[in-house]
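Q: Sharing a structure below in structure tokens format, with a few things to ask.
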Amino acid sequence: MAEHVLVPVDGSEQSRKAFEWTVDEYEGEDARITVFNVVDLSDPEYFEKAVEMSGEDVGEERYEGVLSETKNFLRRFVNEAEEAGIEASSDYAKGDSPSRGIVEYADEHDVDHVVVGSHGRSGVTRVLLGSVAENVTRRSPVPVTVVR
């Protein structure tokens, strides 16, 4: 079994299912989970969340708000894994390509297994950007499990 499992999460139902599958699969095993998110600072939705939090529309404050919100989001997953008795941590990367960020993180942080949701985007966005799960599966240096 893997010792270090990377679980990218993005707030989608599919990434939630991937996380839950990982917790079920690795509960009672000697493994650690890293819950991971790629913060896309070019995506207006990230900044909208930061503006809602702070009530201000200032660049640096928006940026800090996005990072704070991301850390809080990831911490909830870590807490849930720890409650199941699994060693867990969180991390994030800044970038505009979730699949690239996931693959690079797996390569640079001694990850043995990546577990991703089948898709987190829908409609035109999914067609234009391609499937993160598909790109990770093709490029990952380690085994990938895609959870539907």
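Q: Taking neighbour Cβ counts within 10 Å as the exposure measure, how do Asp96, Asp24, Asp10 sort from fewest upward?
A: Asp24, Asp96, Asp10
Q: Taking 0.36 nm per intervening residue step and subtracting the Cα-Cα distance, what contour gain separates Glu108 from Glu80 on full extension?
A: Values: separation 28, 0.36 × 28 = 10.08 nm, distance 2.53 nm.
Full extension of this stretch gives 7.6 nm more.
Q: Val142 to Ser42: extension gain in nm, 0.36 nm per residue of separation minus the Cα-Cα distance?
A: Full extension from Val142 to Ser42 adds 33.2 nm.
Q: Between Arg100 and Ser68, how many nm apart are label points set 7 Å from Cα along the C-beta direction?
A: Taking the two extended label points, one gets 2.9 nm.
Q: With θ taken as phi - 60° and the coefficients 6.51, -1.76 and 1.60, list the Karplus ³J(HN,Hα) couplings across the range 30-35 in order, rounded to whole Hz; mark glycine and proline as x.
A: Working through the residues one at a time gives 8, 9, 10, 10, 10, 8 Hz.
Any read-out appearing in this document is the output of simple, stated calculations on the displayed coordinates, not a laboratory observation. Remember, predicted model here, so these are calculated numbers, not experimental data. Because the Cβ atoms are built from the backbone with ideal geometry, glycine has one as well, and the counts that use them run over all protein chains shown.
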